[in-house]
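K.L.:
Take a look at this one; I'll ask things after.
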Amino acid sequence: MSLFELPILPMSATIAAGGCASGGCVTGGCASGGCSTARPDQASETSRREFLKTATTLTLGAMSLTLLPGAMAGDESSSAATPPGGGHPDAKKPMYGFLIDTTRCTGAGKCLTACRVENSVPEGQARTWVERYVHFKDGRVEVDLVPEIGYAASGEPQPEAEDVLRAYFVPKLCNQCVDAPCNQVCPVHASIKSPEGIELVDADRCIGCGYCVQACPYGIRYMNHETNVADKCNWCYHRVMRNEQPACVEACPTGARVFGRIDDPDSEISKRLATLPTSVLKQHLGTIPLTRYVGLTDEVT
Amino acid sequence: MEYHALHDAPFVFPNDAHPAWSIMIVIYPYITGMVAGAFVVSTMYHVFHREALRPVARLAVVTSLCLGSCATLPLLLHLHQPQRALNVVATPSPSSAMAGFGFIYSFYMLVLLVDVWLLFRPAIVERAHSAPGPWKNVYRALALGVLEITPRAAEIDRKLIHALSVIGIPAACILHGYVGFLFGAIKANPWWSTALMPVIFLTSAVVSGIAVLTLLYLFLCRSSRMEPDEECLRSLSRLLWMFLVLAVTFEFGDLLHVAYEREEEWHVIRELLVTKLRFSYLTLQVLIGALLPLLILPIPAFTRVATPAFRHACTGVAAVLVLVQVAAMRWNVVVGGQLFSKSFRGFVDYPVTWLGREGLLAAAVVLAMPMLLLWGAMKLLPVWPPNPESDSGVKA
Ligand code: SF4
Ligand code: SF4
């Protein structure tokens with residue numbers, strides 16, 4: 001990664017890590033009410049120095065993901081045992097990553113319900129979904145969505161086992177792009193990056209223009225039918241700031257979804273990133289996703 | 001990346017099922033395009049001295065102003081949080097292409113407003129003296145209290161009008177080129193993402209501006225039993241033909257390039273064109289809207305065959321077809337770009353509703369509003385050029 005790929009962070013948008021004192025939720029659809037983010041206009045201005053520091057950290061973090069998985073293992077400062085969220089505003093911001101291991105996903109769909117409940121996602125819209133790819137012996141490839149209630153309960157006719165060459169599941173969620181098009185196009189700073197590099201929507205600022213929905217190449221964003229503002233997966237930022245795992249990760253019975261600190265070489269995600277070959281979605285678009293995949297095929301768009 | 005038979009095994013991302021941009025986003029570039037296009041016609045007279053266009057030069061700026069006054073309406077109707085609309089100018093994000101609209105639009109409208117005021121100042125001042133009853137006060141207010149025009153002031157006005165027209169040309173180009181950029185800069189969408197989008201939008205804008213002005217002129221002449229000026233219509237036909245050639249070259253040249261190079265997005269675009277957009281693109285935008293007027297327009301533009309009435313009819317029909325073409329083009333870009341999922345494996349339906357904030361009815365009202373404004377403006381201001389002998393020194 002070159003200097004030209006430095007992520008652009010909104011200087012006015014410092015998201016205070018720690019407890020939510022103000023109640024100014026930036027994530028909108030948080031059901032738990034335990035959102036630990038302060039509105040950018042209420043938070044303190046990020047100084048230029050801090051901005052550069054954060055940008056550099058983020059870039060280095062992205063480098064470790066995109067180019068050198070596990071390369072930061074020897075970095076003393078990054079392995080400091082700061083808890084997620086830091087607690088102290090001056091503490092070094094943790095860097096997070098998400099790993100999807102498609103070889104482990106069984107299409108159980110538990111993550112889907114967990115996300116919908118956790119984030120009050122309206123019916124017909126999704127922060128995360130799971131795609132099933134079925135390669136038939138006659139060369140056809142069919143893709144469908146794993147139903148939230150599971151295939152068995154859905155009553156949908158299923159492909160005959162003898163016709164199928166191979167099948168696999170691909171969970172989708174926000175890629176938390178380092179160079180996020182959704183963030184770039186938002187005209188009013190309602191799409192903001194947290195200091196940890198997580199892309200958030202400020203529901204109190206969003207004017208509902210839908211430009212970010214068009215700009216996300218992954219179909220992740222939607223105009224929430226109920227709140228009438230843009231919405232998307234934010235890796236359960238409110239949970240992460242409370243030192244918890246995202247709801248989908250917690251619900252996954254097979255460990256196909258791994259979330260954690262990529263600046264901590266002892267974390268589960270760092271260990272897996274160091275040993276497994278991973279890739280990202282639509283790499284040619286240059287969005288530099290932080291969500292990485294194991295076992296992606298070129299059928300997956 | 002591979003694309004597979006989109007309709008054999010369709011798969012649509014869940015959030016793609018509901019297109020985020022409605023018919024209002026189709027109308028927004030349609031109106032903005034006419035704003036820019038009509039202004040360009042007026043500059044043909046005021047800056048490039050095409051005398052044949054004198055009969056429509058004033059009408060052009062007033063039309064542009066009326067259309068421009070309504071250009072933000074579709075955007076407002078589209079926003080899900082319209083009460084926060086002003087945040088676009090209050091807390092704009094410099095990285096966003098959309099954030100620039102407020103500034104570009106305001107600048108252009110300011111230029112236009114001052115231009116119109118200066119252009120009509122002699123008439124306003126004259127009416128401030130001669131208008132009956134309360135109208136006198138209306139014109140006094142419009143004259144901003146300056147009830148006399150000295151020869152020196154008239155000369156300054158003339159220079160200012162020229163300067164504003166000159167400034168207005170790049171402003172109009174930026175205004176509409178910028179609208180094209182809003183789409184062209186979305187790399188997530190292969191149907192939009194092209195560097196040519198600003199140019200495509202700009203040329204089609206000029207075309208729509210000339211067409212709407214031509215129709216207005218024909219309509220107003222007919223309704224006031226005035227004989228349309230032969231040379232003016234000929235000049236409008238020529239301009240329309242020339243800019244249509246340019247628009248078509250850019251529109252289809254770009255597509256041809258993608259098709260011939262078999263760029264990766266071609267597979268999804270081809271499916272789009274032969275299925276969902278077959279009528280609105282191939283029939284309306286290409287055949288009826290572009291090819292037909294390209295064949296018709298040379299008659300009134302370059303020949304003197306048959307009667308003037310026949311040639312005027314040709315110009316009128318071509319102008320209507322061109323307006324259909326540009327509307328179809330806006331539809332095909334805005335709606336067409338949302339008809340396929342970003343999975344590139346399936347299409348979605350576009351629900352067209354009649355009622356509601358973003359329904360067809362609201363769209364019709366938005367399109368009718370500039371015409372209502374124009375009707376009002378024509379009651380207030382003399383859009384036809386003054387007789388040369390009563391010309392007060394300001395180039396009409
Ligand atoms: S995946 Fe889409 S919504 Fe998420 S950061 Fe990237 S562009 Fe934005
Ligand atoms: S919908 Fe909201 S978050 Fe998305 S670009 Fe518009 S203002 Fe920004």
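The values are calculated or read from the model by the stated rules, or taken from the named source; none is laboratory data. Remember, it's a predicted structure, so these values are computed and weren't measured experimentally. Here the Cβ positions follow ideal geometry from the backbone for every residue, glycine too, while neighbour counts run over all protein chains shown. Surface accessibility is based on the protein's heavy atoms, side chains included, excluding ligands, DNA and RNA. Shrake-Rupley method; radii C 1.70, N 1.55, O 1.52, S 1.80 Å.
K.L.:
May I ask you to list pairs of residues, at least six apart or on different chains, whose Cβ atoms are under 6 Å apart, with the first in region A:172-193 being within 8 Å of chain B (Cβ to nearest Cβ) and more than 16 Å from A:I288 (Cα to Cα) and the second being more than 8 Å from ligand 1 (Cβ to nearest atom) and of a type in the set (K, R)?
P.N.:
From residues that are within 8 Å of chain B (Cβ to nearest Cβ) and more than 16 Å from A:I288 (Cα to Cα), the pairs are A:V188/A:R205.
K.L.:
Test B:F11 against the stated conditions and say whether it is under 30 Å from A:V134 (Cβ atoms), out of contact with any Phe, Trp or Tyr (no Cβ under 8 Å at 6 or more places or on another chain), open to solvent by less than 20 Å² (accessible area, probe 1.4 Å) and touching a residue at least 60 places away in the same chain (Cβ under 8 Å). Before the answer, list the steps.
P.N.:
Details: under 30 Å from A:V134 (Cβ atoms): yes; out of contact with any Phe, Trp or Tyr (no Cβ under 8 Å at 6 or more places or on another chain): yes; open to solvent by less than 20 Å² (accessible area, probe 1.4 Å): yes; touching a residue at least 60 places away in the same chain (Cβ under 8 Å): yes.
Here the answer is yes, as B:F11 does meet what is asked.
K.L.:
If a residue must be touching a Phe, Trp or Tyr at 6+ places or on another chain (Cβ under 8 Å) and within 16 Å of ligand 1 (Cβ to nearest atom), how many such residues does region A:231-253 contain? Lay out the reasoning, then the answer.
P.N.:
Of all residues in region A:231-253, those touching a Phe, Trp or Tyr at 6+ places or on another chain (Cβ under 8 Å) come to A:231-232, A:235, A:240, A:245-246, A:249.
Checking which are within 16 Å of ligand 1 (Cβ to nearest atom) leaves us with A:231-232, A:235, A:240, A:246.
Within region A:231-253, residues that are touching a Phe, Trp or Tyr at 6+ places or on another chain (Cβ under 8 Å) and within 16 Å of ligand 1 (Cβ to nearest atom) number 5.
K.L.:
Another question about this same structure. Out of all the residues in region A:142-158, is one or more more than 14 Å from chain B (Cβ to nearest Cβ) and within 28 Å of A:Y211 (Cα to Cα)?
P.N.:
No, because not a single residue in region A:142-158 is more than 14 Å from chain B (Cβ to nearest Cβ) and within 28 Å of A:Y211 (Cα to Cα).
K.L.:
Filter region A:121-133 down to the residues that are more than 20 Å from A:N175 (Cα to Cα) and open to solvent by 10 Å² or more (accessible area, probe 1.4 Å), then identify the one that is farthest from the other protein chains (Cβ to nearest Cβ).
P.N.:
A:E123
K.L.:
Still on this model: Going through region A:170-195 one residue at a time, which ones are more than 13 Å from ligand 1 (Cβ to nearest atom) and farther than 19 Å from B:F181 by Cβ?
P.N.:
A:V170, A:P171, A:H189, A:P195
K.L.:
Show me the helices (runs of 4 or more DSSP H) found entirely inside region B:1-120 where at least 3 residues are more than 26 Å from B:S204 (Cβ to Cβ).
P.N.:
Details: elements: B:24-46, B:54-69, B:73-78, B:87-90.
In region B:1-120, B:87-90 are the helices (runs of 4 or more DSSP H) which contain 3 or more residues that are more than 26 Å from B:S204 (Cβ to Cβ).
K.L.:
For A:E196, all conditions in the list (1) touching a strand residue (DSSP E or B) at 6+ places or on another chain (Cβ under 7 Å); (2) more than 10 Å from ligand 2 (Cβ to nearest atom); (3) modelled with pLDDT of 95 or more hold save one; what is the number of the exception?
P.N.:
The single condition A:E196 does not satisfy is (3).
K.L.:
Quick one: is B:L287 among the hydrophobic types (A, V, I, L, M, F, W, C), touching a helix residue (DSSP H, G or I) at 6+ places or on another chain (Cβ under 8 Å) and not assigned by TED's automatic domain parsing to the domain that holds B:Y45? Even if it seems obvious, please write down each step before you answer.
P.N.:
Working: among the hydrophobic types (A, V, I, L, M, F, W, C): yes; touching a helix residue (DSSP H, G or I) at 6+ places or on another chain (Cβ under 8 Å): no; not assigned by TED's automatic domain parsing to the domain that holds B:Y45: yes.
The answer is no for B:L287.
K.L.:
Moving to a separate point now. Given the criterion touching a residue at least 60 places away in the same chain (Cβ under 8 Å) and more than 16 Å from ligand 1 (Cβ to nearest atom), identify the matching residue among B:L196, B:L144, B:L220, B:L160. So that I can check it myself, show each step before the final result.
P.N.:
Working: B:L196 fails: touching a residue at least 60 places away in the same chain (Cβ under 8 Å); B:L144 fails: touching a residue at least 60 places away in the same chain (Cβ under 8 Å); B:L160 fails: touching a residue at least 60 places away in the same chain (Cβ under 8 Å).
None of the others qualify; the one that does is B:L220.
K.L.:
If B:I124 satisfies all but one of (1) of a type outside the set (K, R); (2) open to solvent by 70 Å² or more (accessible area, probe 1.4 Å); (3) under 32 Å from the mean Cα position of the chain (by Cα), what's the number of the condition it fails?
P.N.:
With (1) of a type outside the set (K, R); (2) open to solvent by 70 Å² or more (accessible area, probe 1.4 Å); (3) under 32 Å from the mean Cα position of the chain (by Cα) applied to B:I124, the lone miss is (2).
K.L.:
What are the residues in region B:297-343 that are open to solvent by 10 Å² or more (accessible area, probe 1.4 Å), within 15 Å of B:W21 (Cβ to Cβ) and of a type in the set (V, I, T), if any?
P.N.:
Selection gives B:V333 alone.
K.L.:
Checking the structure you have, find out if any residue of region A:207-215 is within 15 Å of ligand 2 (Cβ to nearest atom), touching a residue at least 40 places away in the same chain (Cβ under 8 Å) and not acidic (D, E).
P.N.:
No: region A:207-215 contains no residue that is within 15 Å of ligand 2 (Cβ to nearest atom), touching a residue at least 40 places away in the same chain (Cβ under 8 Å) and not acidic (D, E).
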